[in-house]
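Here the structure is laid out as structure tokens; the discussion comes afterwards.
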Ligand SMILES: Nc1nc2c(c(=O)[nH]1)N[C@H]1C(S)=C(S)[C@@H](COP(=O)(O)O)O[C@H]1N2
Ligand SMILES: [Mo]
């Protein structure tokens, strides 16, 4: 904190011109992420005009959403980190927990928490975003950044000896829920625990208890970035984030990061459970050679994205702060009303660089000066290191999408600058 103050004072001494010329702001401590605007008076947040409706999802399933105007630190505190639970929230104990690695492997493994803690430790700074974030009006805070610690997955899979016919790796959580699968053709009768009843469309409804599971190709699972993670921000994983162990797959949307992980299973073909093949499937109407067709793709890797977080005022000067993530960020631009795109300053983070590349968000700042009183719109867009630009919401690729996942379009917020 003290170091940060020193940095800020050094910047102040350089004067306004020097500040404006900087494209990177060095922030000394990762805890103090947004540098304050230069000045001597208090810094005030000007609240957004657009209101976010209350979430209709019960708090067991969706809670602790990020309040952008309150965003201050680069690491999201664990007790403030959004939670998405599709089923129950298992209460596992560290002593009894076991992880099995099985299926198409030569040496089945059963590992305890102590085994994982004794294995090589690795940390990664990774911004976890739910792929549904900003796809629904009430859901704009499904994102958080953490320092995740655990042991790499790949060496353990290697030790287990994946057989030649092993192609897909399924990660099973300990949570489960009752789901009804409607099937108009294939269902014949109930299994041992499922129930089959006729439905109104002349088919049969199969109701089962399905466990949370996600899968990846063997090649994706073997990425050196993947961790069997037991810590968030230097403390044991909280229960709601998957205690004692979850998969952390840096660069993948939230759903791939299986919480309460108890089984890893190698299979010879795709796994088509609910969260691979029924939910978290993006449905799009694509046009190829003048013909339309519907396509279905499973939510997988993060997409390039940014958002304005808050507008602040200090000594009469305004600034927009925000974040950019989902791909290695080259630059961020801000558009006020229908004006030109203007470059924002990236805030360099000393906490970055853990992991094989940056998987964490980049904070940015746009010095707005003294805008005229009245309502304005603020839009941001991120540009990645390959020159790819975050799309507008009406970009054909996004406009053709009829499901809410993977909505990475530019975000516009409204704010009223008061008359002085
Ligand atoms: N076992 C299990 N893992 C899960 C889920 C779940 O419901 N059960 N939700 C997934 C989804 S959709 C998201 S967005 C992230 C959210 O992680 P968090 O709750 O730790 O923020 O966890 C993923 N892992
Ligand atoms: Mo999610």
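Quick note: the coordinates plus some simple rules give every number you see, no bench work behind them. As the structure is a prediction and not an experimental result, all values here were calculated from the model. Ideal geometry is used to build each Cβ from the backbone, glycine not excepted, and the neighbour counts take in all protein chains shown.
With the contact rule set at Cα under 8 Å and sequence spacing of 6 or more, what percent relative contact order holds for the chain?
Reported as a whole number, the value is 19 percent.
Restricting the count to DSSP beta bridges whose residues both fall in the chain, what percent are antiparallel, rounded to a multiple of 5?
Working: 101 of 110 bridges.
Counting only bridges with both partners in the chain, antiparallel ones make up about 90 percent.
At a 10 angstrom cut-off on C-beta neighbours, averaged per residue, how do the peptides 140-146, 107-113, 76-82, 329-335 rank from highest to lowest? Intermediate results must be reported in sequence, preceding the final value.
Values: 140-146: 23.6, 107-113: 14.6, 76-82: 17.3, 329-335: 20.1.
Taking the mean over residues of other Cβ atoms within 10 Å, the ranking is 140-146, 329-335, 76-82, 107-113.
For helix 2-13, what angle does its Cα long axis make with the longest principal axis of the chain, in degrees from 0 to 90 and rounded to 10?
With rounding to tens, the tilt is 40 degrees.
Find how much the distance from residue 96 to residue 118 grows on full extension, using 0.36 nm per residue of separation minus their present alpha carbon separation; answer in nm with one decimal.
6.3 nm
Sort 90-102, 241-253 for me by packing, meaning the mean count of neighbouring Cβ atoms within 10 Å per residue, highest on top.
So the order, starting with the most tightly packed, is 241-253, 90-102.
Peptides 292-300, 313-321: what's the order by average Cβ count within 10 Å, highest mean first?
313-321, 292-300
Which whole-percent values make up P(r) of the chain when all C-alpha to C-alpha distances are grouped in 20 Å steps starting at zero?
Histogram of Cα-Cα distances, whole percents per bin: 24, 53, 21, 2.
Restricting to DSSP H runs of at least four residues, report the calculated mean residue ellipticity at 222 nm for the chain, -39500 (n - 2.57) per run over all residues, nearest 500 deg cm²/dmol. Let's see the in-between values first.
On the way: 6 runs with 41 residues, N = 420.
Mean residue ellipticity, 222 nm, calculated: -2500 deg cm²/dmol.
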